[in-house]
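Data first, discussion second: the structure below is written as structure tokens.
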Amino acid sequence: MKRLAALFVGFFAGALTVVCSTYGQKNASPLMEPYTPTRIEWLALDLESRFKSTLEGNGISSVDFTADAPDTIVISVLYNNDAQAGFVDRIVDAATRYVEMDARSYRWSKWTRIRVEKKNIEK
């Protein structure tokens, strides 16, 4: 019985400490406010962080993955005159496969759409 009472008192004291320490606290900055991304935002962030650097180089200035609500991942490819057309197309194909593979890993592939935007930055 004493053990149960001690356990209860310990639990209550711990819970009270947590409640009192967080009650009335304000974040120092609005940028510290909690935020939960949507699934499409999460997918774009995951793609951008995992695959962006593997696709750039050889005339490809930038490959970006962004979310376009409600269900589209936009693959933006910026390239210069040094990039051959066939190479740009292969980069787009690889980026598309990455989106399909990543969406499939989350089981979101049935509702994920892909849009590709290519732009020559030297024109």
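Throughout, read-outs are computed from the coordinates displayed, never taken from laboratory work. Keep in mind that this is a model prediction, so the values were computed, not measured. Virtual Cβ from ideal backbone geometry, glycine too; neighbours counted across all protein chains shown.
Quick query: amide H of Ile114 versus all other amide H atoms, modeled in the peptide plane; which residues come in under 5 Å with a sequence gap of 5 or more or a different chain?
Ile73
Size of the dipole of segment 39-120 about the Cα centre, Lys and Arg at +1 and Asp and Glu at -1 on the beta carbon, nothing else charged, in debye to 20? Write down the numbers at each step before the final one.
Values: 12 positive and 13 negative charges, 58 e Å.
Rounded to the nearest 20 debye, it is 280 debye.
Highest mean first, how do 29-39, 82-92 rank when packing is the count of other Cβ atoms within 10 Å averaged over residues?
On the way: 29-39: 8.4, 82-92: 14.4.
Output ranking for 29-39, 82-92: 82-92, 29-39.
Quick check: net charge around Leu45, other residues with Cβ under 13 Å of its Cβ, Lys/Arg +1 and Asp/Glu -1?
On the way: positive: Arg39, Arg50, Lys52; negative: Glu41, Asp46, Glu48, Asp64, Asp102.
Its environment carries a net charge of -2.
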